[in-house]
Structure formats: C-alpha cells, structure tokens
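A short write-up of the structure that comes next.
The values are calculated or read from the model by the stated rules, or taken from the named source; none is laboratory data. Keep in mind that this is a model prediction, so the values were computed, not measured. Please note: Cβ atoms are built from the backbone with ideal geometry, for glycine as well, and neighbour counts cover all protein chains shown.
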Amino acid sequence: MLFVSDLDGTLLQNDATLSAFARKTLETMISQGVAFSVATARSITSSRLVLGDLKLDMPIICSNGAYIADFHSGEHRHVFSHPEASGKDLLGLVLSAGFHPFLGTFDGNANHLYMGEIANEGLSWYKKDREMAKDRRLKLVDDVSIGLRDHVISLNVIEREGPIRELGKKIEELFPGVFCHYVYENWYDESWFWLSLYHVNATKGHAIQTLIQEEGFELEDLAVFGDNLNDISMFEIAPKAIAMGNARKEIKDIAHEVIGTNETDAVVKYIAKSTGHAHLIT
C-alpha cells in the first residue's frame, strides 16, 4: 500500500505541528517498510519546516500538485508551472481588478515567494507567518511581476470570501481550461479566504499518478487522506479515499470512509491499524 496524506487539517494538529506521537509512530512504520508520502498546498520549504527531521523516504507533492520534490534535498523532480504568456495575462487581470496577488515561483534552483503591497489583514497575517517561520523564499517587492521571470508555480490572493469567489468565476470565464483554481478558508484564520491558481495539470491527483508510476506502485495500492476542496482530485482517483472527521462536507460526501479528526492523530492510527502496527498505538 501507498499512503498519501494532506498536511493542514489532516496530518498536522490545529497549531500546524506534527505531534510527538505521530512523528515517532510514522518513523517506526516507515523504517519497517510502510510507504508514506504527503500531498499538500504547502511548498517544499514550508513542508520541511513543519515536518522537521521526519525521515521520509519518498518524494512529496507540493503546492497542490504543482511539483514533486525530494523531501530531504528539496530537489524538484517534476514542475507544472504556468505557461509564460497566460501567467502574464492572469497577473494583469488580477492586478487590474484591484487585488494584491503574491507569486510562488521556481527559478530552476530555488523557490521564491514574491509579495507586493500588504493591503489587508489577511496578507499581513501571511507575511508575519512567513517571517516567523524564517521562510527564505519570502521577497518583499514593489512589483510582483518580477516573479514572471521564473517558472510561476502559483498565483495567490487573500481576501474576504465574496470578492474571492467573484474573482474565481471571472478567471474561469476568461481562461477556460487554462488554470486550476481553489477557493478555501484560511485554516488558521477563517475570516479570510484564499484563491490559489495553478497550471491546469497541477493537481494532487495528477501528481500522485506520476508518483505511483515512478515509484513502482499500482493505483489499486493507493489510500489518501484529506479534509478540504483541494483534496478532491486525489479522492477521485483513489480506491481508498479517507476523510477526516473535521473535513468539509463535500469531502466527506465522496470519501469511502470517515475517521477521527486531525487533533486525534487519526491518520497515523489508521495507517498503523492497516499495516499490522496497531501495537504502536496502544
């Protein structure tokens, strides 16, 4: 079996940490041959910050499937970035509509996070969060279009729900079939919403299929865990799609099974029971 878990709201606790129990149990199971990876909206940099020295043998899926990276070295094995022309057009549309986007990019060697004007409290929260994490990607610039010189992995907007949803609809109408976009609440401050836009093939489901092929698994071996709308693509392909007790209704509705919440280390306990490691949780 190959187990793939989302991070925030799924494997991580509400304070964005991996519990000591989960870390120890995962490391024991991985050392004994359990195949485990993560598929997250986070970058490789942010994923490594929250997972620390967890001994992951397999590559992980980052930025909602925009790239697959080696967890320990950070090397990007596959990158699905915005086409240059459409990325420029998209940024122009978002800016002209009065929003203040930030770009996640990859220059071929390193990831960058370009933020311009900090125009609302949601953006201010995210900037402080990245500064507190000492995120080396963060670059505060006067003009975020400087990021277009790199491979643009994601274009993101943080705003209130209404404007975010309207912007998402407008982009769908003007760029049909070009971008994959997600609208979701900020897990750590639900008064603000995210709009994240990626290459149309940059989904967790597509990336997992690539990972399965390269690592020698079969799709029938796959079990995935998630809680939010950006997990739908991997739920659609997995023969075992497992929703958290705290998951959105849309995720629970398409899950094969619903387990405990992220606060109860339900993912790790499920894997332990499924792989003959139940003794680790008693």
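Structure above, values below:
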| item | result |
| --- | --- |
| Matching residues, the range 41-55, being closer than 11 Å to residue 69 by Cβ and among the hydroxyl-bearing types (Ser, Thr, Tyr) | 43, 45, 47 |
| From 66, 85, 110, residue being buried (at least 21 other Cβ atoms within 10 Å of the Cβ) and at pLDDT below 95 | 66 |
| Tally, over the range 227-282, of residues that are modelled with pLDDT of 95 or more, under 25 Å from residue 15 (Cβ atoms), touching a strand residue (DSSP E or B) at 6+ places or on another chain (Cβ under 6 Å) and part of a helix (DSSP H, G or I) | 5 |
| Among (1) of a type in the set (Lys, Arg); (2) assigned to a loop (DSSP other than H, G, I, E, B); (3) closer than 20 Å to residue 266 by Cα, the one test that residue 24 misses | (2) |
| Enumeration of residues in the range 59-114 that are in contact with a strand residue (DSSP E or B) (Cβ under 7 Å, 6 or more places away or on another chain), assigned to a helix (DSSP H, G or I) and of a type in the set (A, V, I, L, M, F, W, C) | 90, 91, 94 |
| Qualifying residue in the range 28-51 (condition: in a strand (DSSP E or B), modelled with pLDDT of 95 or more, among the polar types (S, T, N, Q) and closer than 26 Å to residue 278 by Cα) | yes |
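Every residue, every condition in (1) closer than 20 Å to residue 203 by Cα; (2) modelled with pLDDT under 95; (3) surrounded by 13 or more Cβ atoms within 10 Å (Cβ to Cβ), yes or no:
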| position | (1), (2), (3) |
| --- | --- |
| 144 | no, no, yes |
| 151 | yes, yes, yes |
| 155 | yes, no, yes |
| 163 | no, no, yes |
| 177 | yes, yes, no |
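Conditions tested, residue by residue: (1) in the same structural domain as residue 67 (by TED's automatic domain parsing); (2) hydroxyl-bearing (Ser, Thr, Tyr); (3) in contact (Cβ under 8 Å) with a residue 12 or more places away in the chain.
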{"residue": "126", "(1), (2), (3)": "no, yes, yes"}
{"residue": "132", "(1), (2), (3)": "no, no, no"}
{"residue": "143", "(1), (2), (3)": "no, no, yes"}
{"residue": "164", "(1), (2), (3)": "no, no, yes"}
{"residue": "173", "(1), (2), (3)": "no, no, no"}
